[in-house]
Amino acid sequence: TSSTTSNTTTSTTTSSATSSATSSATSSATSSATSSATELKLSKVSEVKTIAKGTKVKFRATYQGKNNKVFKDSKLGDVWFGAYVADGDDWMQLFKTNKDLITNDINIGDVIEVEGTTAHYTNSNVTTPEVSATSIKKVTDATITAGNWLTFNETNHPALTNEMLNKGAHIENALVTNVNTSNSGNKTIDFKLVDTTYQIHLNKNYTDVTID
């Protein structure tokens, strides 16, 4: 009886160990296969701009700057309301990005890899391409080109178009015609280049409007 009990215990232990090893191997294989299947492929900025809202994406671009004031969102906490990235002529806004995602080692012109979800915003039939980022990391990639900024001056002063959405702009030698601060603290600046007039809107919630 003693021998039988001993053999039975050994058999049970061996069976349990074998089952555990098989289960572990199966679980590992399944996990690996699932991870491989869900790995996001790199897209271009031009592609991300046309991918349906709510889709997970991963892409690389050059970092082009952000609003200069942390915005305190009631749900998301401290965020940069708008951060901007570009690859050549294609620009994208990273909307309400957690302030800790843009680390101190990321400078304007650096190449970054972004993961997140498309969050394109449509208002009055105009869609602004946006991504809600969950991961941002600095990488090295010589295939990613710098963002091409728009320049507005006396010789180049076109009317604004939807194709210019999110793009960085240099404004040179403009004549400021009016500066207004609303009751809520937001500021507008009207300026003119030759015969074309423009207006800059500064929201106090995510832009330091006290800076000249």
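The values are calculated or read from the model by the stated rules, or taken from the named source; none is laboratory data. The structure presented is a predicted model; accordingly, all values stated were derived computationally and were not measured. Here Cβ is always computed from backbone atoms with ideal geometry, including for glycine, and neighbour counts include all displayed protein chains. What goes into the accessible areas is simple: the full protein's heavy atoms, side chains included, and nothing from ligands, DNA or RNA. Shrake-Rupley method; radii C 1.70, N 1.55, O 1.52, S 1.80 Å.
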Q) Exactly one of (1) at pLDDT 95 or above; (2) not in a strand (DSSP E or B) is unmet by Arg60. Its number? A) (2)
Q: Please indicate, with yes or no, whether at least one residue in the stretch 138-148 is within 20 Å of Thr207 (Cβ to Cβ) and more than 18 Å from the chain's Cα centre (by Cα).
A: no
Q) So which residues in the stretch 65-124 are assigned to a strand (DSSP E or B), open to solvent by 40 Å² or more (accessible area, probe 1.4 Å), touching a helix residue (DSSP H, G or I) at 6+ places or on another chain (Cβ under 8 Å) and more than 26 Å from Thr151 (Cβ to Cβ)? A) Asp78
Q.
Among the listed residues Thr128, Thr62, identify the single one that is closer than 16 Å to Leu42 by Cβ and open to solvent by less than 40 Å² (accessible area, probe 1.4 Å).
A. Thr62
Q. Does Thr196 qualify as being β-branched (Val, Ile, Thr) and touching a residue at least 60 places away in the same chain (Cβ under 8 Å)?
A. no
Q. What number of residues within the stretch 137-161 satisfy the criterion of being among the polar types (S, T, N, Q), under 19 Å from Asp87 (Cβ atoms) and open to solvent by 80 Å² or more (accessible area, probe 1.4 Å)?
A. 2
Q. Would you pick out the residues in the stretch 179-197 that are hydroxyl-bearing (Ser, Thr, Tyr) and over 25 Å from Trp80 (Cα atoms)?
A. Thr196, Thr197
**Q.** Residue list for the stretch 153-212, filter: at pLDDT below 95 and of a type in the set (Phe, Trp, Tyr)
**A.** Tyr206
Q) Based on what the data block shows, is Thr134 more than 23 Å from Ile51 (Cβ to Cβ) and open to solvent by 60 Å² or more (accessible area, probe 1.4 Å)? A) no
